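A short write-up of the structure that comes next.
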Amino acid sequence: EGVLPQEYTALKLKVLEWAPRAAELIQGKVPEDASVYLCPATLRPETMYGQVCCFVGPHLTYGVFKASEKEYFVITERAARNMAYQGIFEKEGVIEEAEKIQGSDLIGTLVHAPLSFHQQVRVLPMETVLATKGTGVVTSVPSDSPDDCALMDELARKIKHYNDKYGIKEEWLKLEIRPIIQTPTSDLLARHLVEKMKIQSPKDTQKLQEAKELAYKEGFYQGVMMVGDFKGEKVEVAKPKVREQLIKSGEAFTYAE
Ligand code: A2H
């Protein structure tokens, strides 16, 4: 980890319908009138219009942590500890875990994705999620993230395997990927880079690292918003505005580590 703290935007993806195993575990553990959110940490809040699913690590353990009387967050225990000391939970320094859930048990859960063209998206598996970064939850924006793009391709290509293993349905992967940001190279920069660099799988780590850096730099310094309230503005300018909007509407918060 670096010397300077990384500041993420943590998004609140409200659970609309639990996957069967998660539903059993949650039963009676969270008050009826409370909402539960999956909280992905992102560095690209301006891309949230393009969310198509939400990734969890199938082998990671998550907790359902009480943020306030009415709100519970699904995140790693590590993230909960950090949040408890950042004034994110109602009771400063207090960690209350309603239940533990394995990532694999969350797969198939239906959540509401703030700002996205696709308001309802599914939870899907990402084997490469690091337990040591962010909240352990990653929202998927395949138009602008090479990692997300490579993984969506992989899930679709091996749908039979993923259906057998996790009950993933083909239709969950079929959400349209719409352009969000125009850059000199492309309006679907991640897709363009994955194809141009011949990235075959989420395990092409070195190529993906390179693609990620290229996409981040070009997107940030040369990108222009094609959608949303800041359409036509440079990404550099729009990014903090989208972030502020999400925070003001109660759909996101700042999380640092
Ligand atoms: B980003 P950094 Cl559109 N494990 O959000 C693996 N990856 C994680 C993670 C974890 N535990 N927690 C967060 N991330 C991802 C959007 C996005 C992201 C776009 C383009 C690039 C991009 C949509 N996915 O990240 O190591 C999250 O994905 C590439 C930099 O702290 C988060 O932002 O720099 C980013 O990695 C944080 O990575």
### Query
Mind checking which pairs have a first residue in the stretch 29-52 that is farther than 18 Å from Ile75 by Cα and a second that is within 12 Å of the ligand (Cβ to nearest atom) and assigned to a strand (DSSP E or B), Cβ under 6 Å, 6 or more apart or different chains?
Pro45/Thr9; Gln51/Thr139; Val52/Ser140
### Message
Quick test for you: out of Ile159, Ile199, Ile180, pick the one residue that is on the phi < 0 side of the Ramachandran plot, modelled with pLDDT of 95 or more and within 18 Å of the chain's Cα centre (by Cα).
### Response
Ile180
### Task
Could you grab the pairs with beta carbons closer than 8 Å, sequence gap of 6+ or different chains, first residue in the stretch 159-184 and among the charged types (D, E, K, R), second one part of a helix (DSSP H, G or I)?
Lys169/Asn163; Glu170/Ala156; Glu170/Ile159; Glu170/Asn163; Arg178/Tyr49; Arg178/Gly50
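Take Leu130 and decide whether it is surrounded by fewer than 16 Cβ atoms within 10 Å (Cβ to Cβ) and within 20 Å of Glu77 (Cβ to Cβ).
yes
Need at least 2 residues that are within 11 Å of the ligand (Cβ to nearest atom) per element, so show me which strands (runs of 3 or more DSSP E) inside the stretch 1-52 make the cut, counting only ones lying wholly within it. Explain how you work it out, then say what you get.
Numbers: elements: 7-11, 13-17, 35-38.
Those strands (runs of 3 or more DSSP E) span 7-11.
Just to verify a result, which residue in the stretch 54-67, among those that are near the ligand (Cβ under 10 Å from one of its atoms) and part of a strand (DSSP E or B), is surrounded by the most Cβ atoms within 10 Å (Cβ to Cβ)?
Val56
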### Query
Quick one: in the stretch 54-111, which of the residues that are among the basic types (Lys, Arg) and touching a helix residue (DSSP H, G or I) at 6+ places or on another chain (Cβ under 9 Å) is modelled with the highest pLDDT?
Lys100
#### Entry: Odd one out for Glu244, checked against (1) part of a loop (DSSP other than H, G, I, E, B); (2) under 20 Å from the mean Cα position of the chain (by Cα)
(1)
### Task
Collect the residues in the stretch 67-96 that are acidic (Asp, Glu) and within 18 Å of Trp18 (Cα to Cα), keeping them in residue-number order.
Glu71
### Query
Going by the conditions given, is Tyr85 aromatic (Phe, Trp, Tyr) and in contact (Cβ under 8 Å) with a residue 40 or more places away in the chain?
no
### Message
Could you check the stretch 179-196 and list, in sequence order, the residues that are surrounded by fewer than 16 Cβ atoms within 10 Å (Cβ to Cβ) and either under 24 Å from His118 (Cβ atoms) or aliphatic (A, V, I, L, M) (or both)?
### Response
Glu195
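Looking for whichever is of a type outside the set (Asp, Glu), at negative phi and crowded, with 21+ Cβ neighbours inside 10 Å here; the options are Ile75, Ile26, Ile95. Which one fits? Break it down into steps so the answer makes sense when it comes.
Numbers: Ile26 fails: crowded, with 21+ Cβ neighbours inside 10 Å; Ile95 fails: crowded, with 21+ Cβ neighbours inside 10 Å.
Testing whether each residue is of a type outside the set (Asp, Glu), at negative phi and crowded, with 21+ Cβ neighbours inside 10 Å leaves just Ile75.
The values are calculated or read from the model by the stated rules, or taken from the named source; none is laboratory data. These numbers come from a predicted model, not from an experiment. All Cβ positions, glycine included, derive from the backbone under ideal geometry; neighbour counts span all protein chains shown.
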